[in-house]
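Remarks on the structure that follows.
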Amino acid sequence: MSMWWWMKARRTHSVVLSGLAISLLLSLTIGSEEVELPSLVSGMQQAVLTMFVPIPLVAALMVSLESRLPGIEASSVRRVGGWDALLVSATVGFWFALAAVSGSGVVAASARNAAFLAGLMLLARPWVGEAAVMVPVAWTMVVVAFNRRPAPDPEPWTILPEPASAPHAALAAAVLFGIGISSVMFISKDKS
Amino acid sequence: MKFKTRLRSSFAVKSSPFLLGLVLFYYLGDAGPPPQNYGHAPTVVSFPLFYLCAFAYAAASALAAWESGSIRKFGVWHWAPQRSRYRIAAESLMPVVLVSWSMLVLPVSLALVETSTLPTLASLGPLFEAMVLCVAHAVIGFAVGLYLPRSVSAPVLAVTTWIVIAFTISLDPPWLRQISGLCFEYLMFGEALTFSALWPPILLAGGVALAVAVLWMKNRFVAIPVALAILLTGVVVSYNEVKDRGYFPPMATGVTELSCAQSPGGTEVCMPKVTASALPRVARTSQSVLADLRSAGVERSPRLITDSLADGRYLRPSTDRVWRIPLTRAAAQNGERFQIVIAAVGFTCARPDPVLRRAVLEWVAGVTHTEREWQQAKARVEQERSSADAAATSMVQGVHRKTKAQQAKWFEESVHASCRRDG
């Protein structure tokens, strides 16, 4: 029974679903486009929009995780960390499923980026609270500023502009997502 | 809340180490003063702004959205009817505006110090424009943050403001970049943006900002029509101003101090003060060229020989009386004599008959003792032609390996790109 108050408190229906819908729509429509942005080294850099399309989703996940019933959740009777982790995994998992169904490399790359950025955000959350939602944005800015090579073959540390087939980017996304998810499960400090 | 307390607790100030750090790294990378700026203040000021202004607007709108999201979250906006909403907004936007301003002022000051350039009023125009736009974007961000949770509005505004404004550099029609608030990248020597380059972006973003701010009035019946009128005026007037523009914003040229030398024949020779170290030599050379011509029976008596460096990108043709020559560039390679000779010939059209042109130049080179320079100039043209041929051949070989659709795309893009720099 207690799952219902959790779903309502997290606003899963309205917030997470709309965040996911917007991100998916963006990745399906404009995900493969490139934009030219001022960059540190080469003057201008072609940045693929797959880097940015997960932002609405990670923002929605943060809103959802921050909508809570502090009193009930503080009592250790109900453990919501597992459900939170499930919510995040299911959302990102749905994106991967869509990528598999559509067979599109662009959707797969943006799903991987969603996992990477969500992991990064959840990792920062125990320290900075809700402001962790800006960490994915900061990462995209750092990538555009410092990456010295254009999109099909960017510098390895950047992760986001890598094509879906890059094994190290997939690994990095999996590891960060894993750490992020475990921090949701085990660190339930209410910091805001 | 006291000002200091407000600053310390503000999210904007807490994120400033990251933002200013990124600005600093940009500055140390590409966004430092461009090479060959000759200490021209408009160039030195505008170059870092191009890299950083979209970024500062993004920071302003995102941080403002975060502030107003917090205000909404803690009920200040709706539960404090006795306090002026404008006062609340102004107080919470103060740190946001200060942080975004420092993202602009820091790199500009560094560039001015590094090149030991004194800023002029004209050179600071783009900086003031960008600072006003920071305020406008902060107000817009604040308004968005009142309606959306801050975890959504802040990251989404940061990314969209940044991408949309920075992206206008590669969009056609070109007026988009003239109205978006993206700072113009590269002013050449002698150029400075005029006021008409600066106000359309301010009117557009400022109009939107003012319109949303009017909506905070408690009297909705007045607020909505007034806001609509302001919004519409801003959009229409700014669009009308920029809609016919090319890639370059309106700019003044010759914005620099000249040093001039009067020579006995009544000809004045002028070069920009900052590059005038060669002026005495150039003045002597022009006198000697005119004397050589006179003894060959050719009379040329210009009133003024001036450096076309100060004309920026819009080179103006020479006339009988006023010769515009790239004196600084030529003097740097000790090539001013031949440049003055070419100006003295004074062809009256852009593309003279090739045979006559060569014959005329060969004769005049003999008269003025510049045969060596004339041979070098011919060799250079030959060299450029053959290396352009080689580059084109290898480029086309690469293109032939692409698919049919890619080749067609390359063709259209190249046709466009080959004239893009002409403005």
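So, with +1 on the Cβ of K and R and -1 on the Cβ of D and E, and no other charges, what is the size of the charge dipole of the protein assembly as shown about its Cα centre, to the nearest 20 debye?
My answer is approximately 1620 debye.
To the nearest 10 degrees, how steeply does helix B:85-114 sit against the main Cα axis of chain B, on a 0 to 90 scale?
30
Taking the dipole about the Cα centre of the protein assembly as shown, with the C-beta of Lys and Arg at +1 and of Asp and Glu at -1, give me whichever of A:V92, B:L20, B:L7 is farthest to the positive side.
Farthest towards the positive end: B:L7.
Using r as the Cβ-Cβ distance of A:S18 and B:E384, and R0 as 56 Å, what FRET efficiency do you calculate, to the nearest 0.05?
Efficiency at R0 = 56 Å is approximately 0.45.
Computed FRET efficiency, Cβ-Cβ of B:L24 and B:F221, R0 60 Å: what is it to the nearest 0.05?
The formula returns an efficiency of 0.75 here.
Pick from B:L187, B:L118, B:L19: which is most flexible by mean-square fluctuation in a GNM of chain B where alpha carbon atoms under 10 Å apart are linked?
B:L118
Roughly what % antiparallel, to the nearest 5, for the DSSP beta bridges in chain B?
50
May I ask what percent, to the nearest 5, of DSSP beta bridges between residues of the protein assembly as shown are antiparallel? Present the calculation step by step, with values, prior to reporting the outcome.
Numbers: 13 of 20 bridges.
Looking only at bridges with both residues in the protein assembly as shown, the antiparallel portion is about 65 percent.
Calculate the translational D of chain B in whole µm² s⁻¹ from Stokes-Einstein, where the hydrodynamic radius comes from the Kirkwood formula applied to all Cα pairs, the temperature is 20 °C and the viscosity 1.002 mPa s. If you can, show how the numbers build up before the last one.
On the way: Rh = 25.3 Å.
For the chosen part, D equals 85 µm²/s.
Considering chain B as a Gaussian network with a 10 Å cut-off on Cα pairs, which listed residue, B:L28, B:L52, B:L198, attains the greatest mean-square fluctuation?
Highest fluctuation of the listed residues: B:L28.
Segment B:150-174 to segment B:272-344: how many Å between their Cα centroids?
If we compute the Cα centre of each part, the gap is 47 Å.
Relative to the first principal axis of the alpha-carbon coordinates of chain B, what is the inclination of helix B:150-167, with its axis defined by its Cα atoms, in degrees from 0 to 90 and to the nearest 10?
Around 20 degrees separate the two axes.
What 222 nm value per residue comes from the helices of the protein assembly as shown, counting each DSSP H run with n ≥ 4 as -39,500 (n - 2.57) and dividing by all residues, nearest 500 deg cm²/dmol?
-21000 deg cm²/dmol
Per residue of B:155-166, count partner chain C-beta atoms within 10 Å of its C-beta, then hand back the mean as an integer.
6
Output the 0 to 90 degree angle, nearest 10, between the alpha-carbon long axis of helix B:121-145 and the longest principal axis computed from the alpha carbons of chain B.
It works out to around 30 degrees.
Determine the equivalent ellipsoid of the protein assembly as shown by diagonalising the alpha-carbon gyration tensor, then write out the semi-axes as square roots of 5 times the eigenvalues, largest first, rounded to whole Å.
Semi-axes (√(5λ), whole Å): 57, 30, 20.
Taking each residue in A:53-65, count the Cβ atoms of any other chain within 10 Å of its Cβ, then average. What number comes out?
Mean number of neighbouring Cβ atoms from other chains: 3.
Within segment B:176-272, report the chymotrypsin sites (Phe, Trp or Tyr not before Pro) that DSSP leaves as loop and that have at most 14 other Cβ atoms within 10 Å.
Numbers: sites: B:F184, B:Y186, B:F189, B:F195, B:W216, B:F221, B:Y239, B:Y247; in loops: B:F184, B:Y186, B:F189, B:W216, B:Y247.
Filter output for segment B:176-272: B:Y186.
I'd like the antiparallel share, as a percent to the nearest 5, of DSSP beta bridges with both residues in segment B:258-381.
Roughly 40 percent of the beta bridges in segment B:258-381 run antiparallel, per DSSP.
Within 10 Å of each candidate Cβ there may be at most 14 other Cβ atoms; applying that plus a DSSP loop requirement, which trypsin sites (Lys or Arg not before Pro) in segment B:1-67 survive?
Sparse-neighbourhood loop trypsin sites (Lys or Arg not before Pro): B:K2.
Grab the beta carbon distance between B:T5 and B:Y147, set R0 = 35 Å, and tell me the FRET efficiency rounded to 0.05.
Values: r = 27 Å, r/R0 = 0.78.
Step by step, r from the Cβ atoms, then E = 0.80.
Can you list the chymotrypsin sites (Phe, Trp or Tyr not before Pro) in segment B:308-372 that are in a DSSP coil and have 13 or fewer other beta carbons within 10 angstrom? Kindly include the intermediate steps, with their values, before the conclusion.
Numbers: sites: B:Y314, B:W323, B:F338, B:F347, B:W363; in loops: B:Y314, B:F347.
Of the chymotrypsin sites (Phe, Trp or Tyr not before Pro), the ones in loops of segment B:308-372 whose Cβ has at most 13 other Cβ atoms within 10 Å are B:Y314.
Where in chain B is the longest stretch that carries no GluC sites (Glu not before Pro) classed as loop by DSSP and with at most 10 other Cβ atoms within 10 Å?
B:1-256
Distance between the C-alpha centers of segment B:197-249 and segment B:101-137? Whole Å please.
Each part reduced to its Cα centre gives a spacing of 24 Å.
Considering chain B as a Gaussian network with a 10 Å cut-off on Cα pairs, which listed residue, B:L304, B:L327, B:L361, attains the greatest mean-square fluctuation?
B:L361
Can you give the mean number of other chain Cβ atoms that lie within 10 Å of the Cβ atoms in peptide A:137-150?
Averaged over the peptide's residues, the number is 4.
Quick note: the coordinates plus some simple rules give every number you see, no bench work behind them. Computed from a predicted structure; not experimentally measured. Cβ coordinates were reconstructed from backbone atoms using ideal geometry, including for glycine residues, and neighbour counts include every protein chain displayed.
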